[in-house]
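Engineer: Please see the structure below; I have some questions.
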Ligand code: GLN
């Protein structure tokens, strides 16, 4: 299987490592392909959008000409996991907890509404055990994370957290082969990457 990981900004190495371990656990062969230009999207079975800074990644996607191609790929059903900034890029509705509406470039492919920096600033980052539907307990690492505050249409919530500031919010959602995670599964486990590879095998 060929799995592309967007490698413009953010935590490419951690995702590459998690994907290789998940592949080993499933006994499948995986080539991890760094995606920096549109032609790197050729023949991919799955994709990962890294965490980082969604405004920066969005701007770089635009500058490299990847934005439109990536949108087509995701819309055509290539299984994709977006973590944190990646989840923000997949959302159809994005606003910031402090500044409100943002006009940042996004892919806008999932029926989810996200609030950036919903749990506070960098120093308010936290970890929590979360219960993921169909998977079980996963350690969630939330780094200046967004919250998914609404899902509609084809999207369904898979996990929630209860947080003193943000309240009870969705932190993992899926729409067909697209998965948006507010936390960073690549930093704690291989469960969500295995889930992605299983979707890609179908
Ligand atoms: N706060 C960042 C953003 O809005 C996301 C942080 C992350 O990916 N860990 O893009």
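Every number in this text was worked out from the coordinates using simple rules, so none of it is lab data. Computed from a predicted model, the values in this text were never measured in an experiment. Ideal geometry is used to build each Cβ from the backbone, glycine not excepted, and the neighbour counts take in all protein chains shown.
Engineer: Taking one equal scatterer on every alpha-carbon of segment 60-202, how large is log10 of I(q)/I(0) by Debye at q = 0.15 1/Å?
Structural biologist: -0.70
Engineer: Per the helix-only calculation at 222 nm, which mean residue ellipticity applies to the chain, given -39500 (n - 2.57) for every DSSP H run of n ≥ 4 and division by its residues, nearest 500 deg cm²/dmol?
Structural biologist: The per-residue figure over the chain is -7500 deg cm²/dmol.
Engineer: While we're looking at this one, here's another question. Return the percentage of antiparallel bridges among DSSP beta bridges fully within the chain, rounded to the nearest 5 %.
Structural biologist: Antiparallel bridges: around 55 percent, rounded to the nearest 5.
Engineer: Could you order peptides 62-69, 3-10 by the average number of other Cβ atoms within 10 Å of their residues, highest first? Could you put the intermediate results ahead of the total?
Structural biologist: Numbers: 62-69: 15.4, 3-10: 23.5.
Final packing ranking: 3-10, 62-69.
Engineer: So what is the relative contact order for segment 128-202, in percent, with contacts set as C-alpha pairs under 8 Å and at least six apart?
Structural biologist: Reported as a whole number, the value is 28 percent.
Engineer: Among 37-46, 140-149, 155-164, what's the highest-first ranking by average C-beta atoms within 10 angstrom per residue?
Structural biologist: Those peptides, ordered most packed to least, come out 140-149, 155-164, 37-46.
Engineer: What is the calculated FRET efficiency for residue 28 to residue 56, with r their C-beta to C-beta distance and R₀ = 30 Å, to the nearest 0.05?
Structural biologist: Step by step, r from the Cβ atoms, then E = 0.40.
Engineer: Shifting gears a bit: How would you rank 172-183, 123-134, highest first, on the average number of other Cβ atoms within 10 Å across their residues?
Structural biologist: 172-183, 123-134
Engineer: Moving on. So how much slack lies between residue 133 and residue 21, counting 0.36 nm per residue of separation and subtracting their Cα-Cα distance, in nm? Working shown, then result.
Structural biologist: On the way: separation 112, 0.36 × 112 = 40.32 nm, distance 2.17 nm.
Contour length minus Cα-Cα distance gives 38.1 nm.
Engineer: Right, something else. Rounded to the nearest Å, what's the spacing between the alpha carbon centres of segment 176-202 and segment 49-85? Just the number, please.
Structural biologist: Using only Cα atoms, the two centres lie 16 Å from each other.
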